[in-house]
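Okay, structure first, notes after.
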Amino acid sequence: MTDDALFSAEEAEDTDDARSPAEEAENTDDARSPAEEADAGTRAEAALRLEGVSASYGGRPVLTGVDVTIPAGVLSAVVGPNGAGKSTLVKAALGLVPSVRGRVRWLGEPLRRVRRRVAYVPQQDSVAKDFPITAVQVVEMGRYPHRGWLRRLTREDDEVVAGAMEQVGVADLADRPIDELSGGQRQRVFLARALAQRADLIVLDEPFTAVDARTEAMLLEILTGLCRGGASVIAVHHDLRDVLEHFDHAVLMAGTVVAAGAPDEVLTTEHLERAYGMAPLAVR
């Protein structure tokens, strides 16, 4: 199983003092400037804020000068054509991309201060399907940020894990090896892990890939419910019509941010032509 698959924004480090590449790139100390203190109330309202963020793979620029604010408490989609930097955007913000410049704030703070409050569900193709682990063991990882890797889980943890698996409909798969599950079942298991973490913000990379319509509807209902309960959800997605129908906020990418805001204001013909080179058919 890859680092992406195991990563839930807090598990990658043994201490909160470790800095991600994105945090190192800021070249600032922990003290806030007067301007930051004055703007603290506004920043706290943002689930994610990126300022001047650029990233590259192997020397090839993927993101350039990204400035965007994703509000808290909403279901937000990151969309755009293949190669637009959608997944790189969230990975850069999470410190999973080594070459990053700019400033990143999660829930108004550097990631190291809020690791336990941010959960990450990776793309399915980043999960090693032959990894020897059961579904319930995957979900139990969501409790490690609260207990640590070496401590035994408590009865309370067991109840949280069981509740998360019940919520996404995989309680009967608890003892099944992860490599025996279908794509939709695996996706629900990894969402259950995020739910077990009790995070305030869940980031999902292409969560509806390789799942059937029924599973997608279930996942959307769960994510929408989380937002109604005060949580924030950011999902990399490719279905523009789905975003228009179900999401509260959208970020349209094409190497940088083309537009961000309400989906019907972002997914306009003008913006889509800028991002895709042509307006995708039958979006509305």
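Of the residues making up the range 180-198, at least one is within 19 Å of the chain's Cα centre (by Cα), in a loop (DSSP other than H, G, I, E, B) and surrounded by fewer than 18 Cβ atoms within 10 Å (Cβ to Cβ). Under the condition of being part of a helix (DSSP H, G or I), within 12 Å of Val139 (Cα to Cα) and over 23 Å from the mean Cα position of the chain (by Cα), the residues counted in the range 158-179 number 4. For the range 208-230, filtered to residues that are surrounded by fewer than 19 Cβ atoms within 10 Å (Cβ to Cβ) and of a type in the set (Ser, Thr, Tyr), the residue that is farthest from His249 (Cα to Cα) is Thr209.
Pick out the one residue from Leu272, Leu219 that is within 29 Å of Arg188 (Cα to Cα) and either of a type in the set (A, V, I, L, M, F, W, C) or within 19 Å of the chain's Cα centre (by Cα) (or both).
Values: Leu272 fails: within 29 Å of Arg188 (Cα to Cα).
The unique qualifying residue is Leu219.
Whenever a residue of the range 261-279 is exposed (fewer than 13 other Cβ atoms within 10 Å of the Cβ), its partners that are at pLDDT below 95, lying with C-beta atoms within less than 7 angstrom and at least six residues away or across chains, give the pairs Thr269/Ala279. Within the range 142-173, the residues that satisfy the criterion of being hydrophobic (A, V, I, L, M, F, W, C) and open to solvent by less than 20 Å² (accessible area, probe 1.4 Å) are Val160, Val161, Ala164, Met165, Val168, Val170, Leu173.
The values are calculated or read from the model by the stated rules, or taken from the named source; none is laboratory data. Keep in mind that this is a model prediction, so the values were computed, not measured. Cβ: placed from backbone, ideal geometry, glycine included. Neighbour counts: every protein chain shown. Surface accessibility is based on the protein's heavy atoms, side chains included, excluding ligands, DNA and RNA. Shrake-Rupley method; radii C 1.70, N 1.55, O 1.52, S 1.80 Å.
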